[in-house]
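*Asks:* Let me begin by handing over the structure; questions about it come next.
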Amino acid sequence: MTIHCHPELERSPIQTAARLLADAKRLLVLGGAGLSADAGVPTFRGEGGYWRSVRSEDLASRDGFDKAPEMVWDWYRERRLTVANAQPHAGQRALSLLQRHTQGTILVATTNEDDLLERAGVTDVVHLHGDLFTTRCAADCGWAARDDQDNALSLASCPACGAKVRPGSIWFGEPLPREALDRIAAFDPDGLLLVGSSCLVKPVSDLPLDLVNHGCPVVEINPEATPISDYVAVSLRGTAKQMLPALVDLLTSCTVRDQARRIT
Ligand code: APR
């Protein structure tokens, strides 16, 4: 796809990013906590990243749960409530437009456990770190269910075996869902748009550099520099809400114009 633009804009980073990503036939969009930040969902690190001065590593872990299950549940209940009361922002909605109007194929994956992308209209989202609203048996008897916002299931014992219940999220030290990893591998991306990830938590943090090393264009959107900023093709310094609508506009305008021409 050719991106047409005013010569003055030719040199802007966002224009360069659009030019690079437009050539991808299978573009992976990978979102971290920063993708939901503009919707009012706190990130895990950086300013305001702690919860009651506890690190997420000490809450989202088997050890943390075994030591203080109620504190861990309080954190999850609060996060569930925050997400349930949040609305997707313009950047998340732009990703839904991108899926519909681009010429290549777009797979959206995220380490976020919220459902804001789905509510923004993004389809087939790959959740690498699980789902915030799932409650499951802490003794691994196999019972799991979707808990709604009143968190009723989180307050009871496992209905199948009577053990404690735990959040269904993937915790530090636990393997990522095989199906999610397989979907990304099968997609075989030839371009990556990385949004709002600190690139500090493995194994997902390895993916951008792997793609860089395979010669794929990688574009990062983040208001701050990350460990991979120096290696990516373009690092767009701004928030998801600022950058995504503008980038998606550049990536889709030709397709939308073509579609409109065919209709009229
Ligand atoms: N738009 C884009 N990026 C933003 C915004 C924003 N509005 N606000 C903050 N960011 C960036 C920050 O600069 C930071 O680089 O988002 C990133 C958030 O980093 P983290 O809090 O470390 O979140 P993430 O990288 O998603 O963490 C990975 O760690 O605790 C675990 O399981 C949890 O999935 C999470 C994982």
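The values are calculated or read from the model by the stated rules, or taken from the named source; none is laboratory data. Worth saying up front: this structure is predicted, and the values here are computed from it rather than measured. With ideal geometry, Cβ positions are generated from the backbone for all residues, glycine too; neighbour counts draw on all protein chains shown. Only protein heavy atoms, including side chains, enter the accessible area calculation; ligands, DNA and RNA are left aside. Shrake-Rupley method; radii C 1.70, N 1.55, O 1.52, S 1.80 Å.
*Asks:* Do we find that LEU194 is open to solvent by less than 20 Å² (accessible area, probe 1.4 Å), within 13 Å of the ligand (Cβ to nearest atom) and under 27 Å from LEU81 (Cα atoms) in this structure?
*Replies:* On the way: open to solvent by less than 20 Å² (accessible area, probe 1.4 Å): yes; within 13 Å of the ligand (Cβ to nearest atom): yes; under 27 Å from LEU81 (Cα atoms): yes.
Taking the combined requirement at face value, the residue satisfies it.
*Asks:* Among the residues of segment 136-154 satisfying the criterion of being in contact with a helix residue (DSSP H, G or I) (Cβ under 9 Å, 6 or more places away or on another chain), part of a loop (DSSP other than H, G, I, E, B) and not aliphatic (A, V, I, L, M), which is modelled with the lowest pLDDT?
*Replies:* Result: GLN149.
*Asks:* Residues in segment 106-114: is at least one away from the ligand (no atom under 14 Å from the Cβ) and open to solvent by 30 Å² or more (accessible area, probe 1.4 Å)? Full working, then the answer.
*Replies:* From segment 106-114, those away from the ligand (no atom under 14 Å from the Cβ) are 106-108; that's our starting set.
Filter again for open to solvent by 30 Å² or more (accessible area, probe 1.4 Å), leaving none.
No; the residues of segment 106-114 include none that is away from the ligand (no atom under 14 Å from the Cβ) and open to solvent by 30 Å² or more (accessible area, probe 1.4 Å).
*Asks:* For segment 14-53, name all the residues that are more than 7 Å from the ligand (Cβ to nearest atom), outside any loop (DSSP other than H, G, I, E, B) and open to solvent by 30 Å² or more (accessible area, probe 1.4 Å).
*Replies:* Matches in segment 14-53: ILE14, THR16, ARG19, LEU20, ARG26.
*Asks:* Another question, then. Could you say which residue among ALA120, ALA156, ALA145, ALA180 is open to solvent by less than 40 Å² (accessible area, probe 1.4 Å), over 25 Å from GLY40 (Cβ atoms) and free of Cβ contacts under 8 Å to residues at least 40 places away in the same chain?
*Replies:* ALA145
*Asks:* Taking the stated definitions as given, is ARG93 outside the structural domain of ASN151 (by TED's automatic domain parsing), surrounded by 17 or more Cβ atoms within 10 Å (Cβ to Cβ), within 15 Å of the ligand (Cβ to nearest atom) and in a helix (DSSP H, G or I)? Working first, answer last.
*Replies:* Working: outside the structural domain of ASN151 (by TED's automatic domain parsing): yes; surrounded by 17 or more Cβ atoms within 10 Å (Cβ to Cβ): yes; within 15 Å of the ligand (Cβ to nearest atom): yes; in a helix (DSSP H, G or I): yes.
Yes; evaluated as a whole, the condition is true for this residue.
*Asks:* Would you pick out the residues in segment 196-222 that are out of contact with any Ser or Thr (no Cβ under 9 Å at 6 or more places or on another chain) and not charged (D, E, K, R)?
*Replies:* Scanning segment 196-222 gives PRO203, LEU207, LEU209, LEU211, VAL212, ASN213, HIS214, GLY215, CYS216, PRO217, VAL218.
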